[in-house]
1. Give the residues of the stretch 60-96 that are of a type outside the set (D, E, K, R), surrounded by fewer than 18 Cβ atoms within 10 Å (Cβ to Cβ) and over 29 Å from the mean Cα position of the chain (by Cα), sorted by residue number.
2. Hey, can you tell me all the residues within the stretch 97-114 that are among the acidic types (Asp, Glu) and surrounded by fewer than 20 Cβ atoms within 10 Å (Cβ to Cβ)?
3. ILE82 is checked against (1) at pLDDT 95 or above; (2) over 23 Å from PHE177 (Cα atoms) and fails just one. What number does that condition carry?
4. Would you be able to tell me the number of residues in the stretch 196-216 that are under 24 Å from HIS284 (Cα atoms) and hydroxyl-bearing (Ser, Thr, Tyr)?
5. In the stretch 61-95, what residues are in a helix (DSSP H, G or I) and of a type in the set (Phe, Trp, Tyr)?
6. Which numbered condition trips up SER48, out of (1) surrounded by 24 or more Cβ atoms within 10 Å (Cβ to Cβ); (2) in a helix (DSSP H, G or I); (3) of a type in the set (Gly, Ala, Ser)?
7. Among (1) under 30 Å from PRO148 (Cβ atoms); (2) modelled with pLDDT of 95 or more, there is one condition LEU225 misses while meeting the rest; what is its number?
8. How many of the residues making up the stretch 96-108 are assigned to a helix (DSSP H, G or I) and either touching a residue at least 40 places away in the same chain (Cβ under 8 Å) or within 23 Å of LYS3 (Cβ to Cβ) (or both)?
Amino acid sequence: MKKNILLCVSGGIAVYKAVALVSKLTQAHFNVKVIMTASARQFVNPLSFQVMSKNDVFFDTFDEKDSQVIAHIDLADWADLIVVAPATANVIGKLANGIADDMVTTTLLAATAPVWLAPAMNVHMYDHPAVKRNIATLHADGYRFIEPSEGYLACGYVGKGRLEEPEKITDLVVQHFMPKAQPLKGKKVIVSAGPTRERVDPVRFMTNFSTGKMGYAMAEAARDLGADVVLVSGPTNLPKPTGMQVIDVESAQNMFDAIWAQYNQADIVIKTAAVADYRPKNVHGQKMKKQPGDTAIELERTTDILATLGQHKEHQLLIGFAAETNDVESYGTQKLTKKNADYIIANDVTEAGSGFGTDTNSVLLIGKEFTQKFAHLPKTELAIQLLETIAEREGL
């Protein structure tokens, strides 16, 4: 049975993203109805939401489209989930203080379904004490927030305040309605993700093509399966996932230090990050200038994080990743033994739809006397299947 999503749209330039959000939610097989504030209608015509949702759009408390019901009460009762996106400082302030002066706010005060707010505003507005106070009030009242991401804002500032992407909000809604089996409940899970950077001089560094998508998917899957998650992330362009501790690092040594500091308390460690094997032996304090002819940079080994964790493994379940270009099963099996890991998740990064930066992946899960193939799947879905399979095998 389809779930009902009520989208409340308040006024800001991010309203255009709300149109895309309705499209994404509809494609994900949700019933969507939209309420708009007067300010929101200054940015986008209600017809756009009507076309995308295939439902009437509401904005006037006194415009009763069905005389048999009171519209804002009926909409509040209809919804299985209410999402306010974008949620401006104005609508957050009204809701925190119980003000109901338009159809959005009257409906929200009448709602018994969960309400999620996705803020979008200028970085300084988001950081204002009054806005922080109102958000804290709503948190205490049981409202959930979808944190804004950082980036270039319409006002010209760069910082935190961008409405989360429609795809991400849709994923969160999908996860909300998924079965709530949580085999990892009570487990502490450390996940590493993304690339590392090894500095050459103040303006150059060595890195790789990892985007962090698979690692972030594993962290979010562990969270959704009930775990207490610590995500140790190299530099990525991905929005920070909610509901977990995120530790930003740059180099391979930074990543090792962050994991090692919490390793004794961890139940499961998932090493998804593409960590540099070598780093420049000497890091120049000033920019290296071009010289005639060729040059060479002497490299030294970085700490082998997975091998080190394997050497010191006690109660931890250790899961590694292997990005290969050939002989995937053979190299993955060798890595399982050499690193003293419990599982290796191996893939061929040259295979279409499975390399760095893709939204899908095809992997081989390798354990002791065990292998299982997972064909091309979205990384978010694949991560859930991998962890559910491992949890079942381990009796978690």
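1. The answer is PHE62, SER67, GLN68, VAL69, ILE70, ILE73.
2. Going through the stretch 97-114, the residues among the acidic types (Asp, Glu) turn out to be 101-102.
Once the filter is applied, which keeps residues that are among the acidic types (Asp, Glu) and surrounded by fewer than 20 Cβ atoms within 10 Å (Cβ to Cβ), the stretch 97-114 yields only ASP101.
3. Result: ILE82 fails condition (2) only.
4. Of the residues in that region, 2 qualify.
5. Let us first name the residues in the stretch 61-95 that are in a helix (DSSP H, G or I), namely 71-78, 89-95.
Across the stretch 61-95, the qualifying residue is only TRP78.
6. Just one mismatch for SER48, condition (1).
7. It fails just one condition, (2).
8. First, pick out the residues of the stretch 96-108 that are assigned to a helix (DSSP H, G or I): 96, 103-108.
Within this subset, residues satisfying the condition of being either touching a residue at least 40 places away in the same chain (Cβ under 8 Å) or within 23 Å of LYS3 (Cβ to Cβ) (or both) are 96, 103-104, 106-108.
Number satisfying all stated conditions: 6.
The values are calculated or read from the model by the stated rules, or taken from the named source; none is laboratory data. Predicted model, so just to flag it, every value in this text is computed and none were measured. No Cβ is skipped: glycine too gets one built from the backbone with ideal geometry, and neighbour counts run over all protein chains shown.
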